[in-house]
Amino acid sequence: MSETKKALSGKISGGHLLAKAMADKGIKRIFSVCGGFINPVYMGCVEYGIEVIGCRSELEAGFMAAAMARLTREPSVCLAEPSGFTNYVSAVAEAFHVGDPVIFISASSNTNNFDNKGFKEMPQAEVVRCMTKYAIEVNQPHRIAWFFDKAFDIAINQPTGPVQLVIPTNFLFSGKVSLEQPAGARRYDTRRKKVHKPAPNPADVDELKGLLARSKKPVIIAGPGVWFSHAEQEMEAFSTRYGIPIFVPTTHLKTYDMSHPNNMGIVDYHQNPCSHCLGKDADLVLFLGGRLDFPLNFGEAPIFNTGLHMVAVNPTPRELSDNMLVDTRICSDIQMLLKALNGESGLMSVDPEWTSSIRQRRQQSTDEFRPLLARKEGPVHPVALCYEVLSSLGENDIMVIDGGDIACWFETALSIWALEGRKIRAIINPGPWEQMGTGPAYATAAKMACPDSRVLLVTGDGSLGLAPGLTPLETSIDHNAPVTILVANNAQWGMIQEQQKEMWGTVCATSLRKMDYSRIFEGGGAHAARVEDASGLRAAIDLALRNNDKVSSLVDVVTVGVKSPLTQGMIEMRVKTSAE
């Protein structure tokens with residue numbers, strides 16, 4: 001062993017100390033792109049049995065870590081060298097807006113020439129401070145484990161979200177770090193992973209019980225806090241007992257069973273017209289673990305009317321402060337509050353026609369699209385593509401969505417499919433940041449997290465080109481995590497081009513070359529097929545799924561270029577107001 005590989009007697013390198021800190025917390029794998037700056041961490045991972053998923057870009061590594069954290073609700077790790085830090089910043093933003101508990105770790109330049117334009121020097125923590133729960137640069141090599149423990153604790157506790165840990169390169173390479181603490185020093189358990197779940201104030205519960213007792217037409221809006229507080233089962237039980245309809249924000253992880261009879265879909269007038277009931281008829285909204293942000297029109301009309309009583313439940317006062325326009329604010333873990341409510345009986349008497357009337361309106365709004373599902377010739381309609389994919393999945397399978405207009409068409413297909421009472425294991429959407437190009441990384445990470453599930457991704461040809469990697473299936477193939485991608489290929493940036501056509505009568509920089517993506521992916525080692533006629537769609541999906549046990553697949557589907565309901569709504573809104 002050369003001197004550069006040796007630690008001093010009784011000491012370890014900073015990189016090994018970081019790997020041990022991760023292993024102590026139960027981290028089994030990390031996502032990274034190799035770099036000389038972080039080799040000591042890699043060697044530590046080998047020693048402590050941590051799998052390093054070698055990705056093709058740090059952006060992909062960041063997205064994979066975010067998807068892993070979102071599905072498992074446990075912290076995951078993305079590791080980068082200094083220039084790789086700038087590559088994963090978009091993944092930090094995506095994780096922040098959803099609440100994914102990702103620990104982003106990056107090497108920084110050596111400390112001995114600090115603030116003197118050192119090699120790849122950048123104030124990394126400052127760059128991402130506005131989009132993380134915690135961002136810090138380690139100030140001494142022996143404190144690496146201390147800072148990792150703190151970062152882990154902040155990421156996993158509510159509201160969950162990403163953290164950024166910056167470690168100077170010379171700290172990682174230093175072989176002078178002792179595992180032994182000085183005599184007499186206080187110690188902490190490096191394996192602790194406690195999640196704090198604040199219980200509601202009894203006075204707040206009493207106030208809420210009074211509001212529920214007076215309500216005849218209540219609605220639940222399930223924000224991300226429902227999922228990250230593990231409260232989906234308690235929410236479904238509460239909804240079932242009293243017959244309360246449940247909506248979710250437009251851009252969000254599907255937090256509960258989409259086939260539940262009280263599921264009414266997303267809050268969006270254009271994609272889900274039955275959500276008009278919030279502004280017209282509802283008398284109480286129980287808003288669980290969310291924010292009154294852009295998808296909810298910041299709590300204003302027409303989504304919410306002035307006579308509607310709104311109750312927000314969030315686990316921290318800081319989150320509640322963002323929900324300024326609600327009438328009643330309750331500081332509590334979502335699961336703890338719902339357990340308290342489920343422990344009571346006879347809390348309310350909901351109008352028996354309330355939920356069924358909303359479901360009927362939802363059914364009527366999907367009827368106009370059903371004839372599109374029956375087309376068996378010519379290019380595939382995007383809603384038919386999404387519906388056929390959903391219909392091909394079983395209860396243990398996972399659906400991933402990416403793209404612009406195709407993601408909107410998916411919501412329409414999901415409404416049709418969900419009303420049929422079908423189930424799948426999970427649906428992963430782009431987050432409120434609306435970051436495109438996430439799909440292949442999300443799908444690959446989902447397969448790694450749930451190897452017994454089949455994972456399918458529907459994406460657009462525009463978003464496919466944004467996905468990192470030589471081909472967006474490269475990491476999936478490299479690590480034997482087979483997934484299936486279906487790309488809606490209409491040779492355009494559909495959502496943007498359709499707005500240009502209708503508003504200005506011309507197009508600019510929104511056309512794509514007509515490509516046969518199947519040939520590219522076949523050359524990369526995937527099973528690949530191309531569908532140019534609707535009659536061959538289902539057979540191509542079934543064949544891809546049969547091959548999915550062995551190798552990743554791509555089905556290139558030629559689709560019709562047509563405005564989604566949301567795109568039409570955006571056109572009308574922008575023509576009217578010239579604003580978002």
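At a glance:
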quantity	calculated
Nonlocal amide H pairs with residue 486, under 5 Å, H built at 1.01 Å	457, 458, 459, 555
Largest-first ellipsoid semi-axes for the stretch 191-326, taking √(5λ) over the Cα gyration tensor eigenvalues, angstrom	22, 18, 16
Cross-link partners of residue 514 among aspartates and glutamates (Cα-Cα below 15 Å; sequence separation of 8 or more within a chain)	461, 532, 556
Alpha carbon centroid spacing (whole Å) that separates the stretch 303-370 from the stretch 127-170	35
Difference of contour (0.36 nm per residue) and Cα-Cα distance, residue 113 to residue 233	37.8 nm
Part-to-part distance (alpha-carbon centres) for the stretch 99-117 and the stretch 402-417, which is given in Å	39
Candidate aspartates and glutamates - alpha carbon under 16 Å from residue 25, same-chain residues fewer than 8 apart omitted	47, 51, 74, 149, 153, 189
Those trypsin sites (Lys or Arg not before Pro) in the stretch 525-566 that DSSP places in a loop and that have at most 13 other beta carbons within 10 Å	550
Virtual paramagnetic centre 7 Å along Cα→Cβ of residue 203, amide N under 12 Å, in the stretch 342-358	none
Estimated translational D of the chain in µm²/s (Stokes, Kirkwood radius over Cα pairs; 4 °C; 1.567 mPa s)	52
Between the stretch 524-555 and the stretch 177-228, the Cα center-to-center distance that results, in Å	44
Where 564, 356 fall by accessible area, highest first, once all protein chains stay in place (1.4 Å)	356, 564
Packing rank of 307-315, 521-529, 177-185, where each peptide gets the mean count of other beta carbons within 10 Å, highest leading	307-315, 521-529, 177-185
Order by protection proxy (mean Cβ within 10 Å, highest first), peptides 326-332, 147-153, 440-446	440-446, 147-153, 326-332
Label-reachable residues, the stretch 230-269, where backbone N falls under 17 Å from a point 7 Å from residue 316's Cα toward its Cβ	230
Given charges at beta-carbon only (K, R positive; D, E negative), |dipole| of the chain in Debye	1140
Cleavage-rule hits, trypsin sites (Lys or Arg not before Pro), the stretch 77-138, DSSP coil, Cβ neighbours within 10 Å at most 13	117
DSSP bridge pairs, the chain: antiparallel proportion in percent, nearest 5	5
15 Å reach of a label modelled at residue 351, 7 Å along Cα-to-Cβ, counting backbone N of the stretch 211-249	214-220, 243-245
Exposure of residue 503 as accessible area (Å², to 10), given a probe of 1.4 Å and all protein chains	60
Largest to smallest accessible area among 387, 188 [probe 1.4 Å]	188, 387
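The values are calculated or read from the model by the stated rules, or taken from the named source; none is laboratory data. All of these numbers come straight from a predicted model, not from anything done at the bench. Cβ sites come from the backbone with ideal geometry, for glycine too, and all protein chains shown count toward neighbours. Areas reflect the complete protein model, heavy atoms only, side chains present, ligands, DNA and RNA absent. Shrake-Rupley method; radii C 1.70, N 1.55, O 1.52, S 1.80 Å.
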